[in-house]
Amino acid sequence: MPDLRDEEGIVGFLERVADANFTTVQELTGRHAHAVLWEDPPEDLLRRVEHLTGYPVDRLRRATLRDAYPGAVLSRARTGRRYVRAPARCTGCHVATVGARLNLIVVCPACGAPLRDSATPPDVVFPSTTERISREISLVLRLAGENVPDARERLTRLEALMVHLEPALWDDWPRVLDSEDADTRFHVVAMERAFLRSDYCYVRPPYITATLLHLTWDVSGDPRWTQEALDDYVAVADAAAPAPGDVPEWSDDTSLQHARQLLLRLGIRPEHIPTLLRLPGDPVSLPRHIAPYRTAEALALLHLTLSVTTGTNPTWAQVREIHGAQCSPQVARIARHIVDHPYAVRRLAWHAQRLHAEGLTDLRRLRLQLAGLRRAPVHILEQLPAPARDTKDLAHLAAAWAWLDATRGRLAGGPHPNLSGQALNEFDTRLNPEGRLYLRAWWQHHLNDLDNAATATACSTPQESNGQERVAS
């Protein structure tokens, strides 16, 4: 009977037991090897393995993920459990360790060799910091398992940093140091771009996790560093940039002054600013990694516009109140940074010129008028193209599409703030140009009806005559 090795996972052990006895894991246990036996197997299964192998249940439990790493939150995408059908393997001792089932573990807990899976290119190089970071992560995981608050909070910060870094990672940002291989960074960025373009959830090979840990682990050690890094990631994640000749060539010292003069010259007022700044080619609902920065830009542009139109320096609380939708504290922080950064101010001027070229509209009025439009009427839906009519939750999607088309902003502040952006983009694709024109004509007609009703109400309200006013006075 094979011995249960140190750090070995229960499935790897059972596979060796099965091979030694010319059988399979399924025949031994009544469950196949992909049944997540390695995470938290039931008591009756452990009793059966105890009877087969002679190892007590307590020892067998230490070979399961939940018992070996009690500090890990297994449901987290970057730092939790690996997908069951994409195990990572040791390239050194070849022991099927229980730690290899955790995304956060990127080197073999038994021998320290890099872990690889089937998606790992043969020539990738792990950062030289990996060994040191792995030791520190093991310590923090142990402390988190002992319910040490600082350790648990650090793992939470780490997950957030990894999530937000992925769309902000580039071949040259953050800067590649000697501790990281440039060719491997290229592989990592290419894979991350593929993940972002897809609607599917991909398993991240250990070399990608190792790169993300290299760039985020030390930062996660301090809440202030984490906040600053997250704000930077949000700014860098938006890849859209003006062409070199489109941004005004103002000096850093005069950018803010010139931007205010431009807003005054263009006649842009607070009601013309959408809740999010769009660019040609953007989807109807912007991806989550881009929307925060574009919202911060809208907030910053609103701040500058208010300062021009009122001749005062408005507080950010006033700006957020006028903005038309709730903003997170992070978005508000980034907006303040934008106003203080000369290049970001010049980019705001570029956005202002685009808004003016598209035609200035009282978006505040549109937001108020369409805020109660929760469903599109049946007779409108029946006229949409067949692919769009087959969409689930059609009435709500059509109303949300009209809200975004009219207000040019985001779902927040409207009648469907929590609607799936992905579902809305899929609906937009199914609409085709003819369907979009039809829905646009519908919401414009709806606004005309509201205006006519308001006019009729105003005209029917009894007014005092001049004579009555004289008698009253």
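The values are calculated or read from the model by the stated rules, or taken from the named source; none is laboratory data. On a predicted model such as this, the values are computed, not experimentally measured, just so you know. In this analysis, Cβ positions are derived from the backbone assuming ideal geometry, glycine residues included, and neighbour counts consider all displayed protein chains. To get the accessible areas, we keep the full protein, side chains included, count just its heavy atoms, and leave off ligands, DNA and RNA. Shrake-Rupley method; radii C 1.70, N 1.55, O 1.52, S 1.80 Å.
Residues are listed down the side, and each one gets a yes or a no for (1) under 14 Å from residue 4 (Cβ atoms); (2) in contact (Cβ under 8 Å) with a residue 60 or more places away in the chain:
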residue	(1), (2)
31	no, no
38	yes, yes
55	yes, no
60	yes, no
76	no, yes
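Go over the candidates 263, 276, 256, 286 one by one and state the one that is open to solvent by less than 40 Å² (accessible area, probe 1.4 Å) and outside any loop (DSSP other than H, G, I, E, B).
Details: 276 fails: outside any loop (DSSP other than H, G, I, E, B); 256 fails: open to solvent by less than 40 Å² (accessible area, probe 1.4 Å); 286 fails: outside any loop (DSSP other than H, G, I, E, B).
One residue alone meets the criteria, 263.
So which residues in the range 374-405 are outside any helix (DSSP H, G or I), closer than 15 Å to residue 437 by Cα and open to solvent by 10 Å² or more (accessible area, probe 1.4 Å), if there are any at all? Scanning the range 374-405 gives 382, 383, 385. Which number in (1) in contact (Cβ under 8 Å) with a residue 24 or more places away in the chain; (2) crowded, with 21+ Cβ neighbours inside 10 Å; (3) within 26 Å of residue 124 (Cβ to Cβ) marks the one condition that residue 136 misses? The single condition residue 136 does not satisfy is (2). When restricted to residues that are part of a loop (DSSP other than H, G, I, E, B), at pLDDT 95 or above and touching a Phe, Trp or Tyr at 6+ places or on another chain (Cβ under 9 Å), the range 337-373 contains 0. Within the range 303-351, the set of residues being more than 18 Å from residue 255 (Cα to Cα), of a type in the set (D, E, K, R) and without any contact (Cβ under 8 Å) to a residue 24 or more places away in the chain comprises 320, 321.
On the given criteria, is residue 91 of a type in the set (Ser, Thr, Tyr) and either within 15 Å of residue 203 (Cβ to Cβ) or open to solvent by less than 30 Å² (accessible area, probe 1.4 Å) (or both)?
Values: of a type in the set (Ser, Thr, Tyr): yes; either within 15 Å of residue 203 (Cβ to Cβ) or open to solvent by less than 30 Å² (accessible area, probe 1.4 Å) (or both): no.
So residue 91 does not fit the description; no.
All but one of (1) at pLDDT 95 or above; (2) under 19 Å from residue 187 (Cα atoms) hold for residue 122; which doesn't? Single failed check for residue 122: (1).
Table: residues versus (1) buried (at least 18 other Cβ atoms within 10 Å of the Cβ); (2) not acidic (Asp, Glu); (3) not in a helix (DSSP H, G or I).
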| position | (1), (2), (3) |
| --- | --- |
| 210 | yes, yes, no |
| 226 | yes, yes, no |
| 231 | yes, no, no |
| 244 | no, yes, yes |
| 250 | yes, yes, yes |
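Just so you know, in the range 422-438 the residues that are free of Cβ contacts under 8 Å to residues at least 40 places away in the same chain and not hydrophobic (A, V, I, L, M, F, W, C) include one that is least open to solvent (accessible area, probe 1.4 Å), and it is 436. In the set 66, 85, 78, only one residue is modelled with pLDDT under 95, in a loop (DSSP other than H, G, I, E, B) and open to solvent by 50 Å² or more (accessible area, probe 1.4 Å); that residue is 85.
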